[in-house]
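Asker: The structure is given below, and queries will be raised subsequently.
The values are calculated or read from the model by the stated rules, or taken from the named source; none is laboratory data. This is a predicted model, so every value here is computed, not measured. Positions of Cβ are generated from backbone atoms using ideal geometry, with glycine treated the same way; all protein chains shown enter the neighbour counts.
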Amino acid sequence: MPYKDMREFLDVLDKDGQLKSVDVPIKVAHGDNELQALMRLLCQNDGPAMLLNNLEGYNTPDIPIIFNPFGTRERTAMMIDCKSPLESKKKHAKVLGEVSTWIDPVIVDKGKAPCKEVIINEADVSLDKDLPHVWFGKEAASYITGAVGITKDPETGDRNVGCYRLTQLWNAVHPKGEDYSEEQQKKDLSVFAFWNPPMSHIGVHLAKATAMGKPLEVAFACQCDPAIHLAAATGVPFGQDEFQFAGGLRGEGVELVQCETVDLQVPATAEFIIEGVFIPNSETEIGNHSNPVGYYDAFQVFPRFKVTAITHRKNPLWYATMEMIPPFDHNYQALLPVETEVLSDLQRKIPEVQDVVVTPNMTYVVQLNVDGARKPHAEFGKYILHAVWGSAGRWGRTAKIVIVVGPDVDPYDMDSIEWAIATRVQPATDTIINESGQAFVLDPSATKGHHGFPVTGSQLGIDATMKVPERFDSYQEVSMPTAEEVESLAEKLKGVL
Ligand SMILES: Cc1cc2nc3c(=O)[nH]c(=O)nc-3n(C[C@H](O)[C@H](O)[C@H](O)COP(=O)(O)O)c2cc1C
């Protein structure tokens, strides 16, 4: 059964003992806050999801904050009703690859849409009080990270849905000491619309609309059924509809409802909907911005839109998350589609590929189902390294570190990967330095191109398979009990440990 909304997902976490309701006061004010420390505390230890009920320095005290709901690989798999990370990747890749399994959204009447329980019209919109504001660390603006952005291609009318962050200008500090006007602070939001290479699809829509001299309408749906958030974080090919893909993942069409002020449809059970229209040539500087590779960007330049309506549920919930040195809450939500993109491409042509794991620091680990003499040919590991850099989609080509391991190495466990490198790799012969790779746009160690972000960079591939037949006829036996043996001993010692 698909989740109807975010609340049903939270109920499942709660029943599973993975959600804590917290009444301890937590500070979230600009310049005096504790959420970044809380994220660190929880994500370092695979901690639970939380509902924070008592926030200090908060403009909307009646709206609790959902914190760390997707903070483990297991909870990320649960977003699409799966029990393990590999099961979720297989399901995600299968549905993504078979468009015939996608399911059309269903339009519902406004009266049946919980997201319309409260309606705030354009004239009454005042973002200092209509949307929650939370600060995590030293960032200059308050972020909205739990939203999916919906736009239509101004040429074709095709819909795009993507996970893009927004910054609020209310009480924000301008990176160059200028002021955001009171009108901007209360009526406008800025969107991270150009961030991903080659360009996010909302950015393509906006560029087209600007070239055509047309306004671009936008709607952001906050806190939906998690399958919608995962679909929106996936690099679905341009022109295809992420809501249909989400329907395929859910096994049932997403319920959509018509917006109040723009010609767009949004998930009916979302907690909040923000409607608006991009302001032409409104590029706005914002910063500090805390990024997912763990540094503060001094500033970013993004377009603004004017909010034309806000609708929300009665007693709504808000979701707040932050990027910082990994791990952090939505790491795995963002990584699962990346893993799937590379895994499905490799598996289509190389049946020996079993799993692809991208670590929170974006090292790509490819696990094979064969090793040693069972590899199809000598130097097979190096062939896999090149296949990752040449894989279809947006991400494989930017893999800075790729490691290939055999089936006895756990690709989710850095100790296990390090053991394979320590005992199966001679750096001079079993690694590749690719000097002309595509850099990950946020890598601060790569030289910046003229747009201010890196384009090319070098890459490291490590073939950590056993070098049979390349160097040896056979390899030494591994000294390790089986997982079943460890489990059965744990059972026997239950009362002791
Ligand atoms: C929580 C979260 C926040 C994200 N924020 C952004 C963002 O601000 N800008 C961006 O371009 N991509 C962001 N991403 C990644 C995109 O959602 C992802 O690349 C997606 O494929 C973009 O959709 P598109 O291909 O339709 O443009 C985020 C992902 C997650 C999970």
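Asker: (1) crowded, with 18+ Cβ neighbours inside 10 Å; (2) β-branched (Val, Ile, Thr); (3) in contact with a Pro (Cβ under 9 Å, 6 or more places away or on another chain): which one isn't true of Val455, the others all being true?
Answerer: Status for Val455: all satisfied but (1).
Asker: Give me a count of the residues in region 158-178 that are within 16 Å of the ligand (Cβ to nearest atom) and surrounded by fewer than 17 Cβ atoms within 10 Å (Cβ to Cβ).
Answerer: So the count comes out to 1.
Asker: Considering region 204-219 alone, what residues qualify as being buried (at least 22 other Cβ atoms within 10 Å of the Cβ) and within 10 Å of the ligand (Cβ to nearest atom)? It would help to see each step written out before you state the result.
Answerer: Going through region 204-219, the residues buried (at least 22 other Cβ atoms within 10 Å of the Cβ) turn out to be 205-206, 216-219.
His205 - this is the single residue of region 204-219 that is buried (at least 22 other Cβ atoms within 10 Å of the Cβ) and within 10 Å of the ligand (Cβ to nearest atom).
Asker: Looking for whichever is within 14 Å of the ligand (Cβ to nearest atom) and surrounded by fewer than 22 Cβ atoms within 10 Å (Cβ to Cβ) here; the options are Asp109, Asp153. Which one fits?
Answerer: Numbers: Asp109 fails: within 14 Å of the ligand (Cβ to nearest atom).
Within the list Asp109, Asp153, the selection yields Asp153.
Asker: Filter region 393-438 down to residues that are under 20 Å from Leu335 (Cβ atoms) and surrounded by 14 or more Cβ atoms within 10 Å (Cβ to Cβ), then give me how many there are.
Answerer: Residues in region 393-438 being under 20 Å from Leu335 (Cβ atoms) and surrounded by 14 or more Cβ atoms within 10 Å (Cβ to Cβ): 21 in total.
Asker: Here's something else I'd like to know. Out of everything in region 333-380 that is more than 19 Å from Lys90 (Cβ to Cβ) and among the hydroxyl-bearing types (Ser, Thr, Tyr), what residue ends up being nearest to the ligand (Cβ to nearest atom)?
Answerer: Per the criteria, the residue is Thr359.
Asker: Select from region 203-234 the residues that are over 30 Å from Glu122 (Cβ atoms) and in contact with a Leu (Cβ under 9 Å, 6 or more places away or on another chain) and list them in ascending order.
Answerer: Ala227, Leu230, Thr234
Asker: Follow-up question, since we're still on this one. I'd like the residue in region 309-321 that is away from the ligand (no atom under 14 Å from the Cβ) and among the polar types (S, T, N, Q) and, out of all such residues, is surrounded by the fewest Cβ atoms within 10 Å (Cβ to Cβ).
Answerer: Going through the qualifying residues, I end up with Asn315.
Yes or no, residue by residue, for (1) under 21 Å from Ala232 (Cα atoms); (2) in contact (Cβ under 8 Å) with a residue 40 or more places away in the chain; (3) within 16 Å of the ligand (Cβ to nearest atom):
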site	(1), (2), (3)
Ile80	yes, yes, yes
Leu86	yes, yes, no
Lys91	yes, yes, no
Val118	no, yes, no
Asp130	no, yes, no
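Asker: Still on this model: Looking at Phe305, Phe328, which is the one that is touching a helix residue (DSSP H, G or I) at 6+ places or on another chain (Cβ under 7 Å) and of a type in the set (Phe, Trp, Tyr)?
Answerer: On the way: Phe305 fails: touching a helix residue (DSSP H, G or I) at 6+ places or on another chain (Cβ under 7 Å).
Exactly one of Phe305, Phe328 is touching a helix residue (DSSP H, G or I) at 6+ places or on another chain (Cβ under 7 Å) and of a type in the set (Phe, Trp, Tyr), namely Phe328.
Asker: If the Cβ limit is 7 Å and pairs must be 6+ apart or interchain, which residue in region 60-76 that is small (Gly, Ala, Ser) pairs with which residue that is part of a strand (DSSP E or B)?
Answerer: Listed pairs, sorted by first residue: Gly71/Ala49.
Asker: Could you tell me whether any residue of region 220-231 is away from the ligand (no atom under 11 Å from the Cβ), polar (S, T, N, Q) and in contact with a strand residue (DSSP E or B) (Cβ under 9 Å, 6 or more places away or on another chain)?
Answerer: Yes, region 220-231 contains a residue that is away from the ligand (no atom under 11 Å from the Cβ), polar (S, T, N, Q) and in contact with a strand residue (DSSP E or B) (Cβ under 9 Å, 6 or more places away or on another chain).
Asker: Being more than 27 Å from Phe70 (Cβ to Cβ), assigned by TED's automatic domain parsing to the domain that holds Pro132 and assigned to a helix (DSSP H, G or I) is true for just one of Lys214, Lys186. Which residue is that?
Answerer: Values: Lys214 fails: assigned to a helix (DSSP H, G or I).
Only one candidate passes the filter, namely Lys186.
Asker: Quick one: Ala270 ticks every box in (1) in contact with a Phe, Trp or Tyr (Cβ under 6 Å, 6 or more places away or on another chain); (2) crowded, with 24+ Cβ neighbours inside 10 Å except a single one, so which number is it?
Answerer: (1)
Asker: Given Gly203, Gly177, Gly137, Gly157, which one is of a type in the set (Gly, Ala, Ser) and not in a loop (DSSP other than H, G, I, E, B)?
Answerer: On the way: Gly177 fails: not in a loop (DSSP other than H, G, I, E, B); Gly137 fails: not in a loop (DSSP other than H, G, I, E, B); Gly157 fails: not in a loop (DSSP other than H, G, I, E, B).
Result of the check over Gly203, Gly177, Gly137, Gly157: Gly203.
Asker: Turning to a different aspect of this structure: List the helices (runs of 4 or more DSSP H) inside region 414-497, counting only whole elements, that have at least 1 residues being farther than 27 Å from Asn361 by Cβ and free of Cβ contacts under 8 Å to residues at least 60 places away in the same chain.
Answerer: Working: elements: 414-424, 427-430, 483-492.
Where helices (runs of 4 or more DSSP H) fall fully within region 414-497 and carry at least 1 residues being farther than 27 Å from Asn361 by Cβ and free of Cβ contacts under 8 Å to residues at least 60 places away in the same chain, they are 483-492.
Asker: Out of Ser190, Ser181, Ser200, I need the residue that is of a type in the set (S, T, N, Q), free of Cβ contacts under 8 Å to residues at least 40 places away in the same chain and within 15 Å of the ligand (Cβ to nearest atom). Which one? Steps first, please.
Answerer: Numbers: Ser190 fails: free of Cβ contacts under 8 Å to residues at least 40 places away in the same chain; Ser181 fails: within 15 Å of the ligand (Cβ to nearest atom).
Answer to the selection: Ser200.
Asker: Looking only at region 74-104, count every residue that is surrounded by 15 or more Cβ atoms within 10 Å (Cβ to Cβ) and under 28 Å from Gln18 (Cα atoms) and tell me the total.
Answerer: Of all residues in region 74-104, those surrounded by 15 or more Cβ atoms within 10 Å (Cβ to Cβ) come to 74-82, 85-86, 88-93, 95-96, 101-103.
From what is left, the residues that are under 28 Å from Gln18 (Cα atoms) are 74-82, 85-86, 88-93, 95.
Qualifying residue count for the region: 18.
Asker: Also, I was wondering about something else. Please verify whether region 286-308 includes one or more residues that are free of Cβ contacts under 8 Å to residues at least 12 places away in the same chain, surrounded by fewer than 21 Cβ atoms within 10 Å (Cβ to Cβ) and either of a type in the set (A, V, I, L, M, F, W, C) or closer than 19 Å to Gly162 by Cβ (or both).
Answerer: Checked region 286-308: no residue is free of Cβ contacts under 8 Å to residues at least 12 places away in the same chain, surrounded by fewer than 21 Cβ atoms within 10 Å (Cβ to Cβ) and either of a type in the set (A, V, I, L, M, F, W, C) or closer than 19 Å to Gly162 by Cβ (or both).
Asker: Tell me whether region 265-275 contains one or more residues that are within 16 Å of the ligand (Cβ to nearest atom), among the hydrophobic types (A, V, I, L, M, F, W, C) and free of Cβ contacts under 8 Å to residues at least 60 places away in the same chain.
Answerer: No; the residues of region 265-275 include none that is within 16 Å of the ligand (Cβ to nearest atom), among the hydrophobic types (A, V, I, L, M, F, W, C) and free of Cβ contacts under 8 Å to residues at least 60 places away in the same chain.
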